[in-house]
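Reading through the C-alpha cells given below for one structure.
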Amino acid sequence: MYSSKFFVSILLLLQFSIKWNNANTDNRTDDKAYDVDTDAKDMPLVKLIPLNSTFITDYRSLERRRGKQNATEDDDFEFLITGGYRPQTNLLVRYAVSLRSKREFMFFGDDHFCGGAIISLKLILTAAHCIVKLKTGSTKKRAHDIRVVAGTERRLVRTDNTQILAVEKVIPHSKYTSSKVANDIGILKLKDEIKLNEGFVAIIPMADTPPKPGTKCTIVGWGSIIESGPAPDAVLNADVTIRDEADCTDVVPPLPKGTICANNQNDYEIDSCQGDSGGPMFCNNKLVGLVSYGSGCGRPGQMGVYSDVYYHRDWILGNSASSIRRSSSTIAIDTLMLLHLTLIKLAINVVV
Ligand code: ARG
C-alpha cells in the first residue's frame with residue numbers, strides 16, 4: 001500500500017517538528033502550558049510540559065508507573081524538576097561543555113551524552129563513566145569518538161560562539177569502578193586550545209579547600225528535566241546544598257571516598273538527572289563537584305552524588321602534567337644530567 005519512502009518522510013517530518021518544538025521553547029512565553037513569569041529576574045525552568053507536546057506520553061507513563069492513574073492538573077507539576085531555572089544571564093554555563101558523539105544522529109545536539117567543565121585551555125574534567133565504554137566499564141572510549149562543544153547555552157543551536165573541539169587523549173581514572181561508582185572522574189585532553197571568549201567560554205578554577213557541608217552550590221546541565229523525561233534545549237541551573245556524609249549514607253549507602261552528596265532540603269525535585277553526568281557543580285565560583293549518580297532523579301528523600309574535585313586534585317594535577325608533551329630540549333638536558341650523575345656515582349665507587 002504505502003511505500004517505505006512514505007514512512008521515512010513521515011519519520012523525518014516528525015523528527016523535524018520535535019526539533020522545531022525544542023528550539024522554540026524559549027519563545028513560547030504566551031503558551032498557557034508554560035508557567036513563565038517574564039518580569040522575574042530568574043526565569044523558572046519549564047514548569048509544565050506543554051499539554052499538546054509529544055513528551056506528554058513519557059510523562060503519563062511515568063505517572064502510571066508511580067501508581068497515579070488520575071493525576072489532576074496540579075499533581076502534574078509534582079514530578080517535574082521544578083526548581084531548575086534559567087537566569088537571564090547565565091554566568092556559569094561558560095565553564096561548562098556538552099560532550100557529543102562522533103556525529104549527530106539527525107540534528108545538531110541530539111548526540112549530547114554528558115557534561116564537562118573547562119579547567120584549562122586544553123583540559124576538560126568530566127565523569128569517568130562518560131568516557132569509558134558502557135559494556136566493558138573499563139575500556140576507554142576512543143578520542144575521535146568524542147567531540148567537546150563549548151560556548152553553547154543551547155544544546156541544539158549552533159551560534160557564532162559555539163566551539164566544536166576534537167579530543168586528543170581520553171584519561172579516565174585508572175581506579176574507576178562502575179560497580180561502586182568510585183573515582184568517577186576523568187580528563188579529556190583537547191587537540192587544540194579552546195578560544196576563551198568573555199561571557200561564553202572561560203576556565204573555572206578548581207576547589208582549593210575540602211567541600212563543606214551546608215555550602216550552597218549550583219549545578220548546570222542539559223540533562224533530563226524529569227526522570228525518564230526529555231532533555232532541554234537551553235541549559236538549566238539548579239541550586240543544591242552539600243550534605244553531611246552521615247546524612248548521605250542514610251540514603252545512598254555505601255558512599256565511596258571522594259564523593260559528595262547534595263540535595264535541596266526545601267524541594268526534593270531539585271536534582272541532576274541523566275545527561276547531566278560529568279557536568280559541573282559550582283560553589284562560590286569554584287569547581288567543587290562533577291555529576292556522578294543518584295537513585296532516579298528528584299525523588300523524595302534522595303540525594304545526588306557528585307565526584308569530589310578537591311579529593312581528586314592530586315590525580316587531576318598528576319594526569320594534567322603527564323599529558324603536557326615535553327620538549328626535545330628538556331629531554332636532552334635530562335639525559336645530560338643522568339649521564340653526569342652516573343659518572344659521579346662511578347667516581348665514588350672507584351674511590352671507596
Ligand atoms: N548518571 C547520570 C548520568 O549519566 C547522572 C544521574 C544523576 N542523578 C541524580 N539523581 N542526581 O547522566
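The values are calculated or read from the model by the stated rules, or taken from the named source; none is laboratory data. What you are looking at is a predicted structure, and each value in this text was computed from that prediction instead of being measured. Cβ placement follows ideal geometry from the backbone for every residue including glycine, while neighbour counts extend to all protein chains displayed. Ligands, DNA and RNA are stripped out before the accessible areas are found, and what is left, the full protein with its side chains, is counted by its heavy atoms. Shrake-Rupley method; radii C 1.70, N 1.55, O 1.52, S 1.80 Å.
Quick rundown of the values:
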quantity: Test: residue in the range 161-182 that is under 17 Å from residue 98 (Cα atoms), part of a loop (DSSP other than H, G, I, E, B) and polar (S, T, N, Q); calculated: yes
quantity: Among (1) within 16 Å of the ligand (Cβ to nearest atom); (2) in contact (Cβ under 8 Å) with a residue 24 or more places away in the chain; (3) over 24 Å from residue 179 (Cα atoms), the one test that residue 129 misses; calculated: (3)
quantity: Some residue of the range 159-180 being within 17 Å of the chain's Cα centre (by Cα) and closer than 29 Å to residue 266 by Cα; calculated: no
quantity: Any chance residue 291 is within 11 Å of the ligand (Cβ to nearest atom) and crowded, with 18+ Cβ neighbours inside 10 Å; calculated: yes
quantity: Flag if residue 194 is at pLDDT 95 or above, outside any strand (DSSP E or B) and open to solvent by less than 10 Å² (accessible area, probe 1.4 Å); calculated: yes
quantity: Hey, residue 286 at pLDDT 95 or above, basic (Lys, Arg), within 25 Å of residue 141 (Cβ to Cβ) and away from the ligand (no atom under 14 Å from the Cβ) or not; calculated: no
quantity: Subset of the range 216-245 that is farther than 12 Å from residue 84 by Cα and in a strand (DSSP E or B) - its residue that is most open to solvent (accessible area, probe 1.4 Å); calculated: 216
quantity: Complete set of residues in the range 132-154 that are open to solvent by less than 20 Å² (accessible area, probe 1.4 Å) and either in contact with a helix residue (DSSP H, G or I) (Cβ under 9 Å, 6 or more places away or on another chain) or touching a residue at least 60 places away in the same chain (Cβ under 8 Å) (or both); calculated: 137, 146, 150, 151, 152
